[in-house]
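What follows is a single structure, written as structure tokens, with notes after it.
The values are calculated or read from the model by the stated rules, or taken from the named source; none is laboratory data. Please read all numbers here as calculations on a predicted model, not as lab measurements. No Cβ is skipped: glycine too gets one built from the backbone with ideal geometry, and neighbour counts run over all protein chains shown. Side chains included, ligands, DNA and RNA excluded: accessible areas come from the protein's heavy atoms. Shrake-Rupley method; radii C 1.70, N 1.55, O 1.52, S 1.80 Å.
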Amino acid sequence: MKKKVNLEDIDTNTHSGVHSHDDGHNHSSPESVSNFKTYIPAIFSFVLLIVGIAIDYFEVLPFFKNGIRVVWYTIAYIPVGLPVIKEGWNSIKNGDFFTEFLLMSIATLGAFAIGEYPEGVAVMLFYAVGELFQSAAVNRAKRNIKALLDVRPNEALVYRNGDFVSLNPEQVKIGEKIQIRVGEKVPLDGTLLSEKGSFNTAALTGESKPDTIQKGASVFAGSINLDGVVEIETQKKFKDSSIARILDMVQNATARKSKTELFIRKFARIYTPIVVFLAIGVTLLPYFFVTDYEFRDWLYRALIFLVISCPCALVISIPLGYFGGLGAASRNGILFKGASFLDAMTKVNTVVMDKTGTVTKGVFKIKEVVSNDAFANVEFMKYLMAMEEQSTHPIAKAILEYKAEGEDFKATDVFEIAGKGLKGTVNNKAVLVGNKALMTSNGIEVTSDTETIVESIVMVGIDGMFAGYVTIADELKEDAHDAIKGIRASGISKIIMLSGDKDSITQEVAKELGIDWAKGGLLPEDKLNEVEQLKKQPNTKVAFIGDGINDAPVLATSDVGIAMGGLGSDVAIETADIIIQTDQPSKISRAIKIGRSTRRIVWQNIALAFGVKIIVLILGAGGLATMWEAVFADVGVALLAILNAVRLQKMKWN
């Protein structure tokens, strides 16, 4: 299988390399210990800074001056400052000169150059704390594309040398016989050698009805064997199988997903060069206008200007706003895998959803019981249930859940007619249970109303007469209607349904829910193509909602992928950007509202930080502000931003 995944594309929510501590290696220590290690540099610097400031202020150690003082604050600076300096140097080597890393490096090293050591350490420490806040918000739920490979069948029972041996599916050759036990995944595409088999193919096709096939029919990798031990002759190598193709599509689609940059990075590309050139101007331009120009004095003002202009408040306030949004979403049963997806949800204008497991429960239920005048519904169902007791088909299980009062009937001489249904005797009456073909082949004329039924239908004939039928359907989730209403109320202009289930069933569900457009009978590739065509339309941002393996490629390639986390497949959950943990589609509109509230809070924090910073920058350029006032201004703004972000924790969304 081709591996085209760029892990850097997946890590869309942290600054490049600074304090992220996500090196991709396996840690043998517990996660809590690993997390604590990321805080050690900041804690170490903070302790040294506070101790140094206390010694300076109280003058309790006479020897703490000159060289010793410089060494002390340098040691405090290195744990938080060195990674930033390295990042700035790497950016310069890559041709990206004006980054926030460069600005902060110049400003803090400048503070050291003019003897303002505590201020230099404090500024860099604030930056490190901001990074830690951001890492805490993102790393708990960061996508790891390698986890997708865990869903591959990892064992195949292959018939070799007179016995079945366990091998990796990639070692199995075309034409070999493999055995699949009940509940196991089919490891490779092949042809059924057993007389019949029943398979759950929902993860591959989205088809809610289990597939019962006969000898010689095709069986696809990733299907789950539901009934009895079966044998298959392999027709394809693992790399060409259905499940491998789906995983490959997921990986390629993920690699194509563009990396989202947080606002602070985009802002720094403009802000940083302006600040640097203004600082140079503050240093040199007064030479032409001031009679008593002193280079050292104006250099001092320029360095203060740089310290004031460090985007520490922004670096803290922006992640904190998103952190608040992520926390609020979690409490509402919604998991955003990164801050950027909170932003992405505010831009969505087209919602595309799967049917089975997304707006429906993915389980069979009797929808309607229709019997002719000769039988009451209860009596009719007793005949049907007596026959279905002899079957292990999932539809039979749904029928047997029906509650019929009185003594149960017993069936005898029951046998299966391949591809048609069951034949037997109940209460000395000849009973047929199955499809229209079974009725027709036995000379039983069915009623005309069955022609227009789109759901799965089980017909019953008793003593040569059509007795009635039951319809079996996948039941809508309780909040399915509310989900569609909520999405529309959120301002979404277009709602679409794409499903692997029959088109007739898909259209009926879409009509019942009031969905704009629907299409059924789709393979994973077809869904992917439909969404890619939507994305090509101007000003279209697509969110896709699904739950199965078959939805994973579309979840990966859409602008925002949303998965049902309760019963959804592992692949869909790993691939999606947002997880609805409670499986309630009505939470989708709430995710949109939380995203919008978060973005509003973040922009309020940005405006606050800019407003205060501009005022203090002007005062600093005029020599009216010191570096401590600049640091204080940053701290004050950060505290206000924290209080503003906390508001997200108190908000309620209907």
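Which of (1) within 30 Å of LYS347 (Cβ to Cβ); (2) out of contact with any Pro (no Cβ under 7 Å at 6 or more places or on another chain); (3) open to solvent by 30 Å² or more (accessible area, probe 1.4 Å); (4) at pLDDT below 70 does ILE270 not meet, given it meets every other one?
Every listed condition holds for ILE270 apart from (4).
Taking interchain pairs and intrachain pairs at least six residues apart, which have beta carbon atoms under 8 angstrom, with the first residue in the stretch 379-404 and free of Cβ contacts under 8 Å to residues at least 12 places away in the same chain and closer than 15 Å to LYS367 by Cα and the second part of a helix (DSSP H, G or I) and open to solvent by 60 Å² or more (accessible area, probe 1.4 Å)?
From the stretch 379-404, no pairs qualify.
Could you count how many residues in the stretch 426-465 are closer than 14 Å to PHE380 by Cα and either open to solvent by less than 60 Å² (accessible area, probe 1.4 Å) or of a type in the set (Val, Ile, Thr) (or both)?
10
Restricting attention to the stretch 496-515, which residues are within 25 Å of the chain's Cα centre (by Cα) and among the charged types (D, E, K, R)?
ASP501
If a residue has to be over 22 Å from VAL290 (Cα atoms), open to solvent by 90 Å² or more (accessible area, probe 1.4 Å) and at pLDDT 75 or above to count, how many in the stretch 613-629 make the cut?
2
Being among the β-branched types (Val, Ile, Thr) and surrounded by 16 or more Cβ atoms within 10 Å (Cβ to Cβ) is the filter here; which residues of the stretch 340-379 pass it?
Selection gives THR346, VAL348, THR350, VAL351, VAL352, THR356, THR358, VAL359, THR360, ILE366, VAL369, VAL370.
Checking the structure you have, find out if any residue of the stretch 488-509 is in contact with a helix residue (DSSP H, G or I) (Cβ under 7 Å, 6 or more places away or on another chain) and on the phi > 0 side of the Ramachandran plot.
no
Restrict the check to the stretch 90-98 and report whether at least one residue is surrounded by 12 or more Cβ atoms within 10 Å (Cβ to Cβ), of a type in the set (Phe, Trp, Tyr), over 46 Å from the mean Cα position of the chain (by Cα) and not in a helix (DSSP H, G or I).
No: the stretch 90-98 contains no residue that is surrounded by 12 or more Cβ atoms within 10 Å (Cβ to Cβ), of a type in the set (Phe, Trp, Tyr), over 46 Å from the mean Cα position of the chain (by Cα) and not in a helix (DSSP H, G or I).
Please go through the stretch 405-445 and pick out each residue that is in contact with a Gly (Cβ under 9 Å, 6 or more places away or on another chain), more than 17 Å from THR212 (Cα to Cα) and of a type in the set (Gly, Ala, Ser).
ALA411, ALA430, GLY443
Out of all the residues in the stretch 589-608, is one or more of a type in the set (Gly, Ala, Ser), modelled with pLDDT under 80 and under 16 Å from the mean Cα position of the chain (by Cα)?
For the stretch 589-608, residues of a type in the set (Gly, Ala, Ser), modelled with pLDDT under 80 and under 16 Å from the mean Cα position of the chain (by Cα): absent.
What is the residue count in the stretch 458-516 for residues that are closer than 24 Å to ASN654 by Cβ and polar (S, T, N, Q)?
So the count comes out to 2.
So LYS146 ticks every box in (1) farther than 30 Å from PHE44 by Cβ; (2) crowded, with 17+ Cβ neighbours inside 10 Å; (3) modelled with pLDDT under 85 but one. Which box is left unticked?
For LYS146, the failing item is (2).
Please give the number of the condition LYS355 fails out of (1) in contact (Cβ under 8 Å) with a residue 24 or more places away in the chain; (2) more than 18 Å from PRO585 (Cβ to Cβ); (3) part of a loop (DSSP other than H, G, I, E, B).
Here LYS355 meets the rest and fails (2).
Residue pairs, Cβ under 6 Å, 6 or more apart or interchain, first in the stretch 470-494 and closer than 23 Å to ASP449 by Cα, second open to solvent by less than 60 Å² (accessible area, probe 1.4 Å) and part of a helix (DSSP H, G or I). List them.
Close Cβ pairs satisfying both conditions: ILE472/ILE395; ILE472/ALA398.
Of everything in the stretch 170-185, what is closer than 15 Å to PHE238 by Cα and either modelled with pLDDT under 90 or open to solvent by 10 Å² or more (accessible area, probe 1.4 Å) (or both)? Give them in sequence order.
GLU170, GLN171, LYS173, ILE174, GLY175, GLU176, LYS177, LYS185
Restrict the check to the stretch 466-487 and report whether at least one residue is touching a Lys or Arg at 6+ places or on another chain (Cβ under 7 Å), crowded, with 17+ Cβ neighbours inside 10 Å, over 20 Å from ILE399 (Cβ atoms) and not β-branched (Val, Ile, Thr).
Yes, the stretch 466-487 has at least one match.
Name the single residue, out of those in the stretch 542-551 being open to solvent by less than 20 Å² (accessible area, probe 1.4 Å) and touching a Leu at 6+ places or on another chain (Cβ under 7 Å), that is nearest to ASN349 (Cα to Cα).
VAL542
Those residues that are at pLDDT below 80 and not basic (Lys, Arg), I need them from the stretch 212-247; list them, please.
GLY222, ASP240, SER241, SER242, ILE243, ALA244, ILE246, LEU247
Yes or no: the stretch 382-400 includes at least one residue that is among the acidic types (Asp, Glu), over 42 Å from the mean Cα position of the chain (by Cα) and surrounded by 14 or more Cβ atoms within 10 Å (Cβ to Cβ).
no
Output the qualifying pairs, or none if there are none: Cβ atoms under 8 angstrom, residues six or more apart or on different chains, first residue in the stretch 516-541 and part of a loop (DSSP other than H, G, I, E, B) and open to solvent by 80 Å² or more (accessible area, probe 1.4 Å), second residue at pLDDT 90 or above and hydroxyl-bearing (Ser, Thr, Tyr).
Short answer, once both residue conditions are applied: LYS541/THR350.
Considering only the stretch 493-506, how many residues are surrounded by 20 or more Cβ atoms within 10 Å (Cβ to Cβ) and out of contact with any Gly (no Cβ under 6 Å at 6 or more places or on another chain)?
4
Scanning the stretch 89-113 for residues that are modelled with pLDDT of 75 or more and polar (S, T, N, Q), which turns out farthest from ASP297 (Cα to Cα)?
ASN94
Quick check on the stretch 364-382. Is at least one of its residues modelled with pLDDT under 80 and in a strand (DSSP E or B)?
Checked the stretch 364-382: at least one residue is modelled with pLDDT under 80 and in a strand (DSSP E or B).
Across the stretch 197-211, what is the number of residues that are at pLDDT 85 or above and open to solvent by 20 Å² or more (accessible area, probe 1.4 Å)?
0
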